[in-house]
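Student: What follows is a single structure, and I will ask about it in a moment.
The values are calculated or read from the model by the stated rules, or taken from the named source; none is laboratory data. All figures in this text were calculated on a predicted structure; none of them were measured in a lab. Don't worry about glycine lacking a Cβ; one is built from the backbone with ideal geometry, like all the others, and counts go over all protein chains shown.
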């Protein structure tokens, strides 16, 4: 779709790995499954949005996670003559979320993803692509995942109402096959882009 992909999870993990000031501050929250404070997340995103590139827009993955972050994002974009067009929410039952996160394994070499419940590697704990030993992220440990879900319900669900009230929220059934989910997302984004260009 030629959109810049801003994954706050990837950005935070990179900051932790590189031991930046943000990474050091964020690490303690991430290890417990807590949300990184609003001011740190806003600074991280503002820095990324401010970078010039050829993308006509961006897809924010994992931000905003609180109403304060959503409001700050609107303010940031307004200063640049932009706005949030769509908020897509993937609907899943808590038990499915738990299995998807707690069962996740990642390859530290090539970043391939596996899941012990849904898509296990062909060889026990070894990457099918490069043969490296797979690892489980600290924030995917079972107790941390349980807390992440509880924190989401408490702090992030209100963001849904924020975008619903602006008629920008599009809930989607995330239990369908990934290919079908992507097809539906493309349809929504294309329809929105077409209607916007006509207005």
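Student: Among the numbered criteria (1) over 19 Å from the mean Cα position of the chain (by Cα); (2) at pLDDT 95 or above, which single criterion is violated by residue 107?
Tutor: Answer for residue 107: the failing condition is (1).
Student: Residue 182 versus (1) loosely packed, with under 14 Cβ neighbours inside 10 Å; (2) within 24 Å of residue 16 (Cβ to Cβ): which is the lone unmet condition?
Tutor: Result: residue 182 fails condition (2) only.
Student: Suppose we filter 91, 128, 124, 61 for residues that are surrounded by fewer than 17 Cβ atoms within 10 Å (Cβ to Cβ), in the same structural domain as residue 185 (by TED's automatic domain parsing) and in contact (Cβ under 8 Å) with a residue 40 or more places away in the chain; which single one remains?
Tutor: Only one candidate passes the filter, namely 91.
Student: Every residue in segment 169-192 that is part of a helix (DSSP H, G or I) and under 17 Å from the mean Cα position of the chain (by Cα), please.
Tutor: 178, 181, 182, 185
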